[in-house]
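Here's the structure we're looking at; comments come further down.
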Amino acid sequence: MSAEPILSVRDLTKVFGEGEAQAKVLKGIDLTMAPGEMAALLGPSGSGKSTLLTILGTLMRASGGRHEMLGVDLMQASDAERTAFRSRHLGFVFQFHHLLPDLTALENVMMPAAAAAGRESRAMRERAAELLDAVGLADRRDYRPGALSGGQRQRVAVARALINQPVLVLADEPTGNLDRQAADQVMQLIRSINQTLATSFLISTHDEHIAGQCPRRIELLDGRIVRS
Amino acid sequence: MSPYAVKLAFRHLLSHPGQSALLMSGVALGVGVFIFMSALIGGLATLLTLRTVGSIPHIVLEMPDRDPAVLAPQSGAQVVLQKDLSRRQQIAIWQPVVPIIEAEAGVTAVSPQIRGSAYVERGQALAPVGVIGVMPGKLSDIADIEGAIVDGSSNLPTDGILIGSRLAGDLGLRTGQVLRLTSERGRARSFRISGIFTLGVASADRQAVYMDFTTARALFDLPTGISRIEIKVEPATDAAAIAARLRRSTGLKTTAWTEDNSQLFEGLDAQARTGTIIKAFALITIVVGIASAMLLSIVRRQAEIGIMRAMGASKRLVVSIFVLEGTLIGFIGAVVGALVAWLVLLPLPPVSEVESGGLPIDQAQGDFLLAIALTTLAAALASILPARRAARIDPVEAIGS
């Protein structure tokens, strides 16, 4: 890999519970990602995909190992520092869109930026409109999530993940809830963003068809990476 | 408080108009109870005070007791004090005192009076009465006798008297009839009843007899002095302070109406405390209502809160949104409640014109602004705990659910 990696994880472990009830979900993960990389994270249920994404997204702390991103040691960072880091450098797309029902599509896309700044601004509004344009929903910007189809909602969620111009977008089964056609549309959108904006994507999925569209493939089995 | 928190709080309230309206009407109802109680308790106090001070003197000036002063109280000698009863209790030199009293700020009426006990005879019936000799033109200075006349007129010729309706009823008397009156000094004289009054105060209506000042002098053997000076002041609640000043300027013994009516004040105090308790319960109801509504709302919106936190919203932002939302429910509900209460109380008559049986509600004592301020504060406090709970929501769990 020519460029400095954006993400570097060494011997990462995660243990839930204590004593007898202890469950080791991640058993020493080594992983790096380069800028602009697009990788699929595959593995059966319970292999630790969601836990890994949650830790990489700074929503949960690992039990051991090293976790660095953009030169920041995220194992040592405080909760407030991790929240600020998350808001500035990371984007999320979840299986369920989780859009705020009271906000319009445009306002939902702006939300991560507005929440960090404490206010909405004209620049955010313009960027959110551009992103909605890019995901093909320019004519739906004033619709609330309830008035959008499942595929449209997930495309709004992708646009929302990009508002803060993150380095890395973590997508947990982003098409798991969509039919084939809508899933293909969302993947096509992710690929084009990956190519035009050079945003890195790590996409967890069960679906070989989705994984096939990613240049890199990381396979997880029983808390260990078996292929990367 | 960031503008974004304000926007999200308003947006949520406006997105669920039915739920917001229901919550706010609950608050409005509580505020209505608060204002109604304030207006009623305040009105009752005003009415009772009005009724009490309406027919009585606010300050009475009498001659001080002439008991001898003990010159050396610490001497250790045994001292026996005997009341000096050798002279009549009277204000002998009173003409110079009247202008001094009239000059005192707050004094609205001054009535020098001859007072004494007497009994009236009619056939075999006897009734004790208190005679009040008033100066011409000062008949209604203390109690509104002229306005209380139910039969006859309020004119007081030298041989005329005015009696209360209860006394008239007890002895079967009517206007124009002649009555024999014997004073405590043993002097007796016949009078014609000029008029009969009903003050609404049982003791006065049964025992008070009004007559001309000069006639009373003769009846009670008081050729120059007078028994007492009664005065009215405005406002009546200043009576104690004015009485203290008059005591110094006239050297007379002064008694303010507040000293003789401590029971009234105890009653008013107890009533005010009851009102405070009811108002406190109204506020507690509002707090419990808002807190439980906010808690429910937070449980329902767990995923939303989780996603905001995952997307980088600080705990502080989450707390602000929910505290603001609860405060807005409280404030808007309180303003609506206060407005409705104001409109409902508007057509009610002033306390002084309330007829018996009617509720003496004084709109001016409704504490509208206090109700709004306290409710808003209570709502903000009620939202703090639920809001902190919202901020503690774990994004991972919330999104997973």
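Looking at B:321, B:372, can you tell me which residue is touching a residue at least 60 places away in the same chain (Cβ under 8 Å), in the same structural domain as residue B:11 (by TED's automatic domain parsing) and under 43 Å from the mean Cα position of the chain (by Cα)?
Numbers: B:321 fails: under 43 Å from the mean Cα position of the chain (by Cα).
Of the residues listed, the single one that is touching a residue at least 60 places away in the same chain (Cβ under 8 Å), in the same structural domain as residue B:11 (by TED's automatic domain parsing) and under 43 Å from the mean Cα position of the chain (by Cα) is B:372.
For the range B:64-78, the criterion of being within 14 Å of chain A (Cβ to nearest Cβ) and over 20 Å from residue B:359 (Cα atoms) is met by none of the residues.
A residue that is among the small types (Gly, Ala, Ser) and buried (at least 19 other Cβ atoms within 10 Å of the Cβ) occurs somewhere in the range B:352-370.
So which helices (runs of 4 or more DSSP H) are wholly in the range A:33-134 and hold at least 3 residues that are more than 10 Å from every other protein chain (Cβ to nearest Cβ) and open to solvent by 30 Å² or more (accessible area, probe 1.4 Å)? Spell out the reasoning first.
Numbers: elements: A:49-56, A:79-89, A:105-117, A:122-134.
Qualifying helices (runs of 4 or more DSSP H): A:122-134.
Kindly indicate whether any position in the range B:245-263 is touching a strand residue (DSSP E or B) at 6+ places or on another chain (Cβ under 6 Å), open to solvent by 50 Å² or more (accessible area, probe 1.4 Å), more than 23 Å from residue B:53 (Cβ to Cβ) and modelled with pLDDT of 90 or more. No, there is no match, as no residue in the range B:245-263 is touching a strand residue (DSSP E or B) at 6+ places or on another chain (Cβ under 6 Å), open to solvent by 50 Å² or more (accessible area, probe 1.4 Å), more than 23 Å from residue B:53 (Cβ to Cβ) and modelled with pLDDT of 90 or more. Just checking, does the range B:325-343 include any residue being open to solvent by 30 Å² or more (accessible area, probe 1.4 Å), in contact with a His (Cβ under 7 Å, 6 or more places away or on another chain) and under 30 Å from residue A:86 (Cα atoms)? Checking the range B:325-343: not a single residue is open to solvent by 30 Å² or more (accessible area, probe 1.4 Å), in contact with a His (Cβ under 7 Å, 6 or more places away or on another chain) and under 30 Å from residue A:86 (Cα atoms). Among (1) open to solvent by 70 Å² or more (accessible area, probe 1.4 Å); (2) within 18 Å of the chain's Cα centre (by Cα); (3) not charged (D, E, K, R), there is one condition residue A:228 misses while meeting the rest; what is its number? The single condition residue A:228 does not satisfy is (2). Can you tell me which residues in the range B:166-210 are among the aromatic types (Phe, Trp, Tyr) and in contact with a Phe, Trp or Tyr (Cβ under 9 Å, 6 or more places away or on another chain)? Of everything in the range B:166-210, those that are among the aromatic types (Phe, Trp, Tyr) and in contact with a Phe, Trp or Tyr (Cβ under 9 Å, 6 or more places away or on another chain) turn out to be B:197, B:210. If the condition is being among the polar types (S, T, N, Q) and more than 9 Å from chain A (Cβ to nearest Cβ), then the range B:1-22 contributes B:19, B:20. A single member of B:174, B:166, B:185, B:189 is charged (D, E, K, R) and within 30 Å of the chain's Cα centre (by Cα), and it is B:166.
Of the numbered criteria (1) part of a helix (DSSP H, G or I); (2) on the phi > 0 side of the Ramachandran plot, the one residue B:298 fails is (2).
Could you list all residues from the range B:280-319 that are within 13 Å of residue B:378 (Cα to Cα) and open to solvent by less than 40 Å² (accessible area, probe 1.4 Å)? Passing the criteria: B:282, B:283, B:286, B:289, B:290, B:291. Given the structure, is residue B:60 in contact with an Asp or Glu (Cβ under 6 Å, 6 or more places away or on another chain) and of a type in the set (Val, Ile, Thr)? Judged against the criteria, residue B:60 is a match. State the number of residues belonging to the range B:63-117 that are modelled with pLDDT of 75 or more, open to solvent by 80 Å² or more (accessible area, probe 1.4 Å) and touching a Pro at 6+ places or on another chain (Cβ under 8 Å). So the answer is 0. Evaluated against (1) loosely packed, with under 14 Cβ neighbours inside 10 Å; (2) touching a helix residue (DSSP H, G or I) at 6+ places or on another chain (Cβ under 9 Å), residue B:155 falls short on exactly one condition, (2). Restricting A:104, A:83 to those that are β-branched (Val, Ile, Thr) and under 19 Å from the mean Cα position of the chain (by Cα) reduces the list to A:83.
For every residue, the table says whether it meets (1) within 14 Å of another protein chain (Cβ to nearest Cβ); (2) in contact with a Gly (Cβ under 6 Å, 6 or more places away or on another chain); (3) of a type outside the set (Ser, Thr, Tyr).
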{"position": "B:279", "(1), (2), (3)": "no, no, yes"}
{"position": "B:305", "(1), (2), (3)": "yes, no, yes"}
{"position": "B:314", "(1), (2), (3)": "yes, no, no"}
{"position": "B:323", "(1), (2), (3)": "no, no, yes"}
{"position": "B:333", "(1), (2), (3)": "no, no, yes"}
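Scanning the range B:220-230 for residues that are of a type in the set (A, V, I, L, M) and open to solvent by 10 Å² or more (accessible area, probe 1.4 Å) yields nothing.
Any residue at all in the range B:41-61 that's farther than 30 Å from residue B:357 by Cα, touching a residue at least 24 places away in the same chain (Cβ under 8 Å) and open to solvent by 30 Å² or more (accessible area, probe 1.4 Å)? No - not one qualifying residue is present in the range B:41-61.
The values are calculated or read from the model by the stated rules, or taken from the named source; none is laboratory data. Note that the structure is a prediction, hence the values are computed from the model and not measured. Positions of Cβ are backbone-derived with ideal geometry, glycine not excepted, and every protein chain shown enters the neighbour counts. Please note that ligands, DNA and RNA were not included when accessible areas were found on the heavy atoms of the full protein model with its side chains. Shrake-Rupley method; radii C 1.70, N 1.55, O 1.52, S 1.80 Å.
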